[in-house]
Amino acid sequence: MTDMRATGFERARELAADEGPGTETQPVENSREPIGMVLEIGGSGSQIALDLQRLNECGLDTDPSVALAGRVGSQVKIRVGNCWLLASVRQQKQDNATPGGILATVDFLGEGQQERLTGRIHNFRRGVTGYPIPGAYIYPATSADLRQIYASDGRSSIEIGNVYPTNDIRAGLYVDALLGKHFALLGSTGTGKSTSASLILHRICDHAPEAHIVMIDPHGEYGPAFRHSGMVFDVRNLQMPYWLMNFEAHCEVFVTNRGPDRQEDVEVLSKCL
Ligand SMILES: Nc1ncnc2c1ncn2[C@@H]1O[C@H](COP(=O)(O)OP(=O)(O)OP(=O)(O)O)[C@@H](O)[C@H]1O
Ligand SMILES: [Mg+2]
């Protein structure tokens, strides 16, 4: 048993039956018992301590969301009054001061209220209005929680996959909200940004077949992905009026001489135009 558990986890387990979020469909034990506690709070995230033994116990759970609770990329929840604050685990490191302890950084996603009778999270919204205090317990977010949080509100949307780590909760994007703002696909190299961009554009095209989308692809990497559903223009087939280019652009295209005669060629081109 770790120091962290000795200083609060046993008490938390006793309290868990009263304040836990379990429903009749959830694996009760693991989702009701804390896996860690809040150490430090910042504006958009927090540093938390996780209990290795609890993570191992959760790892055997049949609910994939509980099984991966506390791992990088997983989602956890923290009680704040009558609300649950949802957070995503960004990074982990070993806590040298506590045997079996893990320090992790989480980013806050949003908050939702708990239904009194069923324990389910409802009215989930992005952003945080109430912060937890250091010492608050961290619980695994269950698949039932994620289903509530990522439920569609009926707006027109496209489906792009499943919410990690579940394999049956659809991940959708609201098309109007997405295209009405600037957005970016971010990730380390090789994490699937280009693949995701192609998928999103394909889904938007399926959703709105009359829509016209112009993609500027300076590295020519998307051509094969849209061979059947789009028109690919490159130097071999692109036709455009010469007046679309200014004189500088004409020189870039037509004057290939880089030596001392270049200025002479530029003057000839200017007379020709
Ligand atoms: N959802 C996925 N499941 C499995 N493999 C995937 C998935 N998405 C992408 N990949 C594979 O991962 C590899 C990298 O994908 P991709 O080129 O889209 O990444 P990227 O983030 O755009 O990389 P880069 O930063 O180099 O541009 C490709 O081989 C791709 O087939
Ligand atoms: Mg890419």
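The values are calculated or read from the model by the stated rules, or taken from the named source; none is laboratory data. None of these values were measured; they are calculated from a predicted model. Positions of Cβ are generated from backbone atoms using ideal geometry, with glycine treated the same way; all protein chains shown enter the neighbour counts.
Observations, loosely collected:
- Exactly one residue out of L199, L186 is within 16 Å of ligand 2 (Cβ to nearest atom), aliphatic (A, V, I, L, M) and exposed (fewer than 14 other Cβ atoms within 10 Å of the Cβ): that is L186.
- Close pairs (8 angstrom Cβ cut-off, 6 or more residues apart or separate chains): free of Cβ contacts under 8 Å to residues at least 24 places away in the same chain in segment 194-218, more than 16 Å from ligand 2 (Cβ to nearest atom) and part of a loop (DSSP other than H, G, I, E, B) anywhere: I213/G230; M215/G230
- Note on segment 35-63: among residues that are touching a Phe, Trp or Tyr at 6+ places or on another chain (Cβ under 9 Å) and closer than 19 Å to L146 by Cβ, the one that is surrounded by the most Cβ atoms within 10 Å (Cβ to Cβ) is G36.
- The set of residues in segment 211-223 that are surrounded by 10 or more Cβ atoms within 10 Å (Cβ to Cβ) and more than 16 Å from ligand 1 (Cβ to nearest atom) comprises A211, I213.
- One residue from F226, F233 being at pLDDT below 95, within 16 Å of ligand 1 (Cβ to nearest atom) and out of contact with any helix residue (DSSP H, G or I) (no Cβ under 6 Å at 6 or more places or on another chain): F226
- Only residues that are hydrophobic (A, V, I, L, M, F, W, C), over 14 Å from V175 (Cα atoms) and in a loop (DSSP other than H, G, I, E, B) were counted in segment 204-229, giving 3.
- Some residue of segment 167-175 being in contact (Cβ under 8 Å) with a residue 60 or more places away in the chain and within 16 Å of ligand 1 (Cβ to nearest atom): yes
- Filter pass, S143 being farther than 25 Å from R227 by Cα and touching a residue at least 40 places away in the same chain (Cβ under 8 Å): yes
- Condition check for P132 on (1) surrounded by fewer than 20 Cβ atoms within 10 Å (Cβ to Cβ); (2) in a loop (DSSP other than H, G, I, E, B); (3) not β-branched (V, I, T): one failure, at (1).
- Positions within segment 243-258 being outside any loop (DSSP other than H, G, I, E, B) and exposed (fewer than 10 other Cβ atoms within 10 Å of the Cβ), in sequence order: W243, L244, E248
- Close pairs (9 angstrom Cβ cut-off, 6 or more residues apart or separate chains): farther than 15 Å from G81 by Cβ in segment 119-138, among the aromatic types (F, W, Y) anywhere: F124/W84; F124/Y150; G127/F108
- Cross-chain or 6+ apart pairs with Cβ under 8 Å, segment 42-68 first and under 16 Å from D95 (Cβ atoms), then among the hydroxyl-bearing types (S, T, Y): S46/T105; Q47/T105; I48/T105; A49/T98; D51/T2; L52/T2; Q53/T2
- Residues within segment 223-273 that are closer than 30 Å to I200 by Cβ and of a type in the set (A, V, I, L, M, F, W, C), tallied: 9
- Selected residue [within 14 Å of ligand 1 (Cβ to nearest atom) and outside any loop (DSSP other than H, G, I, E, B)] from L201, L186, L146: L201
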